[in-house]
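What follows is calculated from the coordinates using simple rules that are stated; it is not laboratory data. It should be emphasised that the depicted structure is a prediction, and the values quoted were computed from it without experimental measurement. Here Cβ is always computed from backbone atoms with ideal geometry, including for glycine, and neighbour counts include all displayed protein chains.
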Amino acid sequence: MFTLTYVYRDSTAVLGPLAAYVEPHCYDLCAEHADRLTAPMGWELLRLPAEEVPEQPSSDDLEALADAVREAARPAGPRGEPVGHGKEVGRRGHLRVLRSDQPRQ
């Protein structure tokens, strides 16, 4: 992946490694489109050296991904949801209004 940046003031297009953050006038490109890129007439195109990206993810990458999935799947804990069975008190189309019974103590 590459990032294309236009510097309108200098009539320059810069193609470099994928940017880590979003900026105005920046566009991410795949390798195929980056290879075929040409600058508009009268513009200069600068190609910065791209970082080598491994074909297969490393074990660290896979571990970080697994940790992120586990964290996202972890229950959020008690949310103060009403307890007990609801009693229908109204209906509109397919929607129902339920009132929770108070839990016994």
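A few notes on this one:
- Charge sum, other residues only, whose C-beta stays under 15 Å from A66's C-beta, Lys/Arg counted +1 and Asp/Glu -1: -3
- Of all DSSP beta bridges confined to region 2-47, the antiparallel ones make up roughly 70%.
- Divided by 2.2 N^0.38 Å, where N counts the residues, the Cα radius of gyration of region 2-47 comes to 1.08.
- Each peptide in 11-21, 35-45 receives the mean, over its residues, of other Cβ atoms within 10 Å, and ordering these scores from highest gives 11-21, 35-45.
- Total formal charge among the other residues, if their Cβ is under 11 angstrom from that of V89, Lys/Arg +1 and Asp/Glu -1: +3
- With a Förster radius of 30 Å applied to the beta-carbon distance between A73 and A20, the computed FRET efficiency rounds to 0.65.
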